[in-house]
């Protein structure tokens, strides 16, 4: 009786590509967060990722394209954290505060404040950095403001202006030291509640 020799099928090319891309993003994120964009070279990234320079340029056009992908992933993680925190809000104002608290907690992930608040505007420019934020955390905030206004929990002020002001307040809170962030959140909550009381 002949023994059947099982041949392992080669790992699908798509899986290899995904693994390489993940390795590059993980390595680049750590280096950009620790040393900044300017002080991080592509040789550092490929060495940390354990891939070739050719692999980097197969997946990303250049270093700034890789940086952009890192920042996009950080924004996506922020938006996911906010969505998880506001899945079953008690009321519209509570939802905004819960979302803000989740935003601050997620921003405290190692390196994230530097990446999003310092490196992204400096490297991509204010316009692109804001446009990217507008697709993620700011979009969640805008939805919360819209829901609160529709429910009559916030006055019918210009939605975009109110969202911009709240966005700036939450970003300022994110820049603060950890032990001061709760104070910022309490003040933002008081401001929102004051706006709500103005309706009664």
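Side notes on the structure shown:
- The structure shown yields volume of the Cα convex hull per residue in Å³, and of the options (i) 171; (ii) 111; (iii) 160 that calculated value carries the label (i).
- Counting beta carbons within 10 Å around each of 187, 51 and listing the fewest first gives the order 187, 51.
- Principal-axis analysis of the Cα atoms of the chain puts helix 137-150 at an angle of about 30° to the longest axis.
- Acute angle (nearest 10 degrees) that the helix 178-197 long axis makes with the longest principal axis of the chain, alpha-carbon atoms: 50
- Where the alpha-carbon atoms of the stretch 110-157 are placed on the principal axes, they occupy 40, 24, 14 Å, in descending order.
- Centre separation in Å (Cα based) which lies between the stretch 13-85 and the stretch 139-200: 33
- The stretch 12-60, Cα convex hull volume normalised per residue, Å³: 61
- Sorting 99-105, 146-152 by their mean Cβ neighbour count within 10 Å, with the most densely packed peptide first, gives 99-105, 146-152.
- Note on the stretch 130-171: the alpha carbon radius of gyration divided by the globular reference 2.2 N^0.38 Å gives 1.10.
- Once the Cα atoms are used to define both axes, helix 92-107 deviates from the longest principal axis of the chain by about 40 degrees.
- Relative exposure of 159, 177, 119, judged by other C-beta atoms within 10 Å (fewest first): 177, 159, 119
- Computed on the stretch 68-197, with alpha-carbon pairs under 8 angstrom and 6+ residues apart, the relative contact order is 29 percent.
Throughout, read-outs are computed from the coordinates displayed, never taken from laboratory work. Bear in mind that the values here come from a model prediction, so they are computed numbers and not experimental data. As a convention, Cβ positions derive from the backbone with ideal geometry for all residues, glycine included, and neighbour counts pool all protein chains shown.
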